[in-house]
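S.K.: One structure coming up, written as structure tokens, with questions to follow.
The values are calculated or read from the model by the stated rules, or taken from the named source; none is laboratory data. Treat the numbers as computed from the prediction; the structure is a model and nothing was measured. Positions of Cβ are generated from backbone atoms using ideal geometry, with glycine treated the same way; all protein chains shown enter the neighbour counts.
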Amino acid sequence: MTTAATATLVPPGDDASANVQLKYRSQAVAKPYFIAAIGLFVGQIIFGLVMGLQYVIGDFLFPEIPFNVARMVHTNLLIVWLLFGFMGAGYYLIPEEAERELHSPKLALVAFWVFLIAGALTIVGYLAVPYATLARLTGNDILPTMGREFLEQPTITKVGIVVVALTFLYNLSLTVLKGRKTTISLVMMLGLWGLAIFFLFSFYNPTNLVLDKYYWWWVVHLWVEGVWELIMGAMLAFVLVKVTGVDREVIEKWLYLIIAMTLITGIIGTGHHYFWIGTPAYWQVWGSVFSALEPVPFFMMTMFAFNMVNRRRRDHPNKAAVLWALGTGVMAFLGAGVWGFLHTLAPVNYLTHGTQITASHGHMAFYGAYAMVVITMISYAMPLLRGREANGNRAQVVEMWSFWLMTVSMVFITLFLTAAGILQVWMQRMGDSPLPFMVAQEKIAFFYWLREAAGVVFFIGLVLYIVSFFVTGKSRAPR
Amino acid sequence: MSASFTKSTARNIFYGGAVFFFLLFLALTFDTTQALPKRDNRANLTEQVARGKNIWETRNCIGCHTLLGEGAYFAPELGNVYQRRGPEFIKAWIKGQPTGAPGRRQMPQFHLNDGELEDLVAFLKYASEIDTNHWPPNIEG
């Protein structure tokens, strides 16, 4: 057990007097990554609110910010802030697991600024010029990769992402190779290397639409239902080791089993995207069977989080981090597991494919699995990066309020979109006289208004989350 | 979990499972690649279609529409729009945007010339003839 050594315990007192040292000084490079992640998260939600309004007031902000631009900003900011979160997590947990300083903290800071500036320029490019102009300015014709969902970044930005990822992996891999090798660091590194390797398929864009879509999923699916789950599992396991004090052997056994089930179900589970895009019909069987099992690793993750917290050997003063860890276990299972299963069987998906049902699943899955696990890591690590084992009681109470506001409003966003999706399928795809797309959309506008209201509550939760970083008070939570 | 079930057993399940199912995935991918020529309408992949796909991508059409059900859910499915509306309607529609109708969802004006419109329509026609296992359920997409 190394937990107790993580932080030199100090008597309760004011924040300023609390002075907990990081175990390794170079872990401090994680801090700017976490701050950038939260900043971009705010941008993502603002554009989400814009889009939500455009769903009901179609010409809102048109032609300044057309829907397609807002969506590109919304989804790309999500991906980039999660990547910042994963990188910050990597820079924080790998030195601690490897029991040595990071190979090159300087390189980590250079990579941070390169990534932040490249990301910001890309977003400015989306907003400032028409997309076709951006494609021309960035030489898309040399190697056309733009204009595909989630991979809208100019080719040169994609190259930049690869370069940043390689410096990150080089830095962390050398640290692990020279230091202690644990299961958590190994799984984290496997996930991060997988992330980089599968991203390379974003450079393959054949004219043949079926092949284009087939390998597009090797980035998108093998990320979010494959290697990202390894990263998530490793981050969750790291935080649970720290906050529960449960024997590392037990936690690492769970971690291996969870990620085994992830890849056993998730790789062939890619087939649930190969039902209707020109690929052979046998994918309907492979995809349905294996993706129906994809909730299993997520359910194991829920059990894992609750089991470890129940068997805890210490009461960590950072209650908020424990709450986020339990929350991500539950919400990932609901969003990715249950809402994924809802429309994954081929006969169901035939009716729901490409409707608001897909959108409902996407929202809760990304929030529950990835947004929440990054926040779990930030919630645990940020107080330590700021020189204290845990935030004061008042700050933690505000953070817990933000947890409940964001999480409950996300449940409602998901439920409203599910209702909209069911009605859309009913009106547009079932029955003898199906309605045209826009006619059906107008009839379900009520649910889009409710979704937008829930989105506003989510935003309030996010503001509270940021406020919690500035609340001062007693440095230890009461027992 | 019982004590006899060790971490190394769990690790072996992970590595064995990951390798086995990834190889199975590669085998299925190989078989799919063999089967695609009969399904993906590659016979009609002309230069014009390639130019049309480039226009489709550089105008970020996927940011509002779906194509074979993938994309954004803000505007109609376009995988079968060639059958639903026909080539002339599609061209006239794109030229006439935005409608400017108050409160309605708006599509930008992309300033495509006649040749580019023909290219885009050729791409949508090619896409509409891919064998999608009878998806979408009806013409409304």
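S.K.: Mind checking which residues of segment A:427-441 are surrounded by fewer than 16 Cβ atoms within 10 Å (Cβ to Cβ) and in a helix (DSSP H, G or I)?
M.R.: A:Met438, A:Val439
S.K.: Going through A:Ile94, A:Ile45 one at a time, which residue ends up being at negative phi, at pLDDT 95 or above, surrounded by fewer than 22 Cβ atoms within 10 Å (Cβ to Cβ) and outside the structural domain of A:Ala234 (by TED's automatic domain parsing)?
M.R.: A:Ile45 is the lone residue from the list that is at negative phi, at pLDDT 95 or above, surrounded by fewer than 22 Cβ atoms within 10 Å (Cβ to Cβ) and outside the structural domain of A:Ala234 (by TED's automatic domain parsing).
S.K.: May I pose another question? If you take just the helices (runs of 4 or more DSSP H) that sit entirely in segment B:20-127, which of them hold at least 3 residues that are more than 21 Å from the chain's Cα centre (by Cα)?
M.R.: The helices (runs of 4 or more DSSP H) meeting that bar are B:87-95.
S.K.: Is there a residue being touching a helix residue (DSSP H, G or I) at 6+ places or on another chain (Cβ under 8 Å), outside the structural domain of A:Tyr92 (by TED's automatic domain parsing), part of a loop (DSSP other than H, G, I, E, B) and more than 20 Å from A:Leu326 (Cα to Cα) anywhere in segment A:402-414?
M.R.: no
S.K.: Still on this structure: Just wondering, is there one or more residues in segment A:105-117 that are within 13 Å of chain B (Cβ to nearest Cβ), in a helix (DSSP H, G or I), out of contact with any strand residue (DSSP E or B) (no Cβ under 6 Å at 6 or more places or on another chain) and of a type in the set (Phe, Trp, Tyr)?
M.R.: no
S.K.: Determine, yes or no, whether A:Val124 is touching a residue at least 24 places away in the same chain (Cβ under 8 Å) and either on the phi < 0 side of the Ramachandran plot or touching a Phe, Trp or Tyr at 6+ places or on another chain (Cβ under 7 Å) (or both).
M.R.: When the stated conditions are applied, A:Val124 does not pass them.
S.K.: Do we find that A:Ala395 is among the aliphatic types (A, V, I, L, M) and free of Cβ contacts under 8 Å to residues at least 40 places away in the same chain in this structure?
M.R.: It is false that A:Ala395 is among the aliphatic types (A, V, I, L, M) and free of Cβ contacts under 8 Å to residues at least 40 places away in the same chain.
S.K.: Go through B:Arg51, B:Arg105 for me and flag whichever is over 27 Å from A:Asn140 (Cα atoms) and among the basic types (Lys, Arg).
M.R.: B:Arg105
S.K.: Something else now. When segment A:138-197 is examined, which residues are found to be closer than 24 Å to A:Phe238 by Cα, under 20 Å from the mean Cα position of the chain (by Cα) and not aliphatic (A, V, I, L, M)?
M.R.: A:Phe168, A:Ser185, A:Gly191, A:Trp193, A:Gly194
S.K.: Now for a different question. Which of the residues belonging to segment A:118-132 are over 21 Å from the mean Cα position of the chain (by Cα) and either more than 9 Å from every other protein chain (Cβ to nearest Cβ) or farther than 22 Å from A:Thr207 by Cα (or both)?
M.R.: A:Leu121, A:Val124, A:Gly125, A:Tyr126, A:Leu127, A:Ala128, A:Val129, A:Pro130
S.K.: I need every pair where a residue in segment A:217-244 that is farther than 17 Å from A:Glu149 by Cα and free of Cβ contacts under 8 Å to residues at least 40 places away in the same chain has its Cβ under 9 Å from the Cβ of a residue that is surrounded by 24 or more Cβ atoms within 10 Å (Cβ to Cβ) and basic (Lys, Arg), sequence separation at least 6 or different chains.
M.R.: So the pair list comes out empty.
S.K.: Can I ask one more? Condition first: crowded, with 22+ Cβ neighbours inside 10 Å, among the β-branched types (Val, Ile, Thr) and more than 11 Å from every other protein chain (Cβ to nearest Cβ). Can you find one or more residues in segment A:167-174 that meet it?
M.R.: No, segment A:167-174 contains no residue that is crowded, with 22+ Cβ neighbours inside 10 Å, among the β-branched types (Val, Ile, Thr) and more than 11 Å from every other protein chain (Cβ to nearest Cβ).
S.K.: Then there is this: Looking for whichever is assigned to a loop (DSSP other than H, G, I, E, B) and under 23 Å from A:Leu240 (Cβ atoms) here; the options are A:Ala395, A:Ala381, A:Ala390. Which one fits?
M.R.: That would be A:Ala390, the only listed residue that is assigned to a loop (DSSP other than H, G, I, E, B) and under 23 Å from A:Leu240 (Cβ atoms).
S.K.: I'm trying to understand the selection: among the residues of segment A:160-177, which are of a type in the set (Gly, Ala, Ser) and either without any contact (Cβ under 8 Å) to a residue 40 or more places away in the chain or not assigned by TED's automatic domain parsing to the domain that holds A:Ile117 (or both)?
M.R.: Of everything in segment A:160-177, those that are of a type in the set (Gly, Ala, Ser) and either without any contact (Cβ under 8 Å) to a residue 40 or more places away in the chain or not assigned by TED's automatic domain parsing to the domain that holds A:Ile117 (or both) turn out to be A:Ala165, A:Ser173.
S.K.: Oh, and also: Read through the list (1) in contact with a strand residue (DSSP E or B) (Cβ under 9 Å, 6 or more places away or on another chain); (2) more than 7 Å from chain A (Cβ to nearest Cβ); (3) not hydroxyl-bearing (Ser, Thr, Tyr), then give the number of the only condition that B:Gly71 fails.
M.R.: That leaves (2) as the condition not met.
S.K.: Using beta carbons and a limit of 6 Å, which pairs, at least six apart or on different chains, have the first residue in segment A:178-191 and in contact (Cβ under 8 Å) with a residue 60 or more places away in the chain and the second one outside any helix (DSSP H, G or I)?
M.R.: What qualifies is A:Gly179/A:Glu99; A:Gly179/A:Arg100; A:Arg180/A:Glu99.
S.K.: Right, something else. Could you figure out which of (1) crowded, with 19+ Cβ neighbours inside 10 Å; (2) in a helix (DSSP H, G or I) isn't true of A:Leu177?
M.R.: In the conditions (1) crowded, with 19+ Cβ neighbours inside 10 Å; (2) in a helix (DSSP H, G or I), A:Leu177 misses (1) alone.
S.K.: Follow-up. What number of residues in segment B:13-44 are touching a residue at least 24 places away in the same chain (Cβ under 8 Å) and facing chain A (nearest Cβ under 7 Å)?
M.R.: So the answer is 2.
S.K.: Could you tell me how many of the residues in segment A:257-289 are under 19 Å from A:Thr358 (Cβ atoms) and in a helix (DSSP H, G or I)?
M.R.: The qualifying residues number 10.
S.K.: Can you pull out the residues in segment A:134-166 that are β-branched (Val, Ile, Thr) and at the interface with chain B (Cβ under 9 Å from one of its Cβ atoms)?
M.R.: A:Thr145 - this is the single residue of segment A:134-166 that is β-branched (Val, Ile, Thr) and at the interface with chain B (Cβ under 9 Å from one of its Cβ atoms).
S.K.: Could you list, in sequence order, all residues of segment A:175-207 that are among the polar types (S, T, N, Q), closer than 22 Å to A:Gln153 by Cβ and within 12 Å of chain B (Cβ to nearest Cβ)?
M.R.: A:Asn205, A:Thr207
S.K.: On to the next question. Please enumerate the residues belonging to segment A:274-288 that are more than 8 Å from every other protein chain (Cβ to nearest Cβ) and either surrounded by 23 or more Cβ atoms within 10 Å (Cβ to Cβ) or closer than 15 Å to B:Lys7 by Cα (or both).
M.R.: A:Gly287 - this is the single residue of segment A:274-288 that is more than 8 Å from every other protein chain (Cβ to nearest Cβ) and either surrounded by 23 or more Cβ atoms within 10 Å (Cβ to Cβ) or closer than 15 Å to B:Lys7 by Cα (or both).
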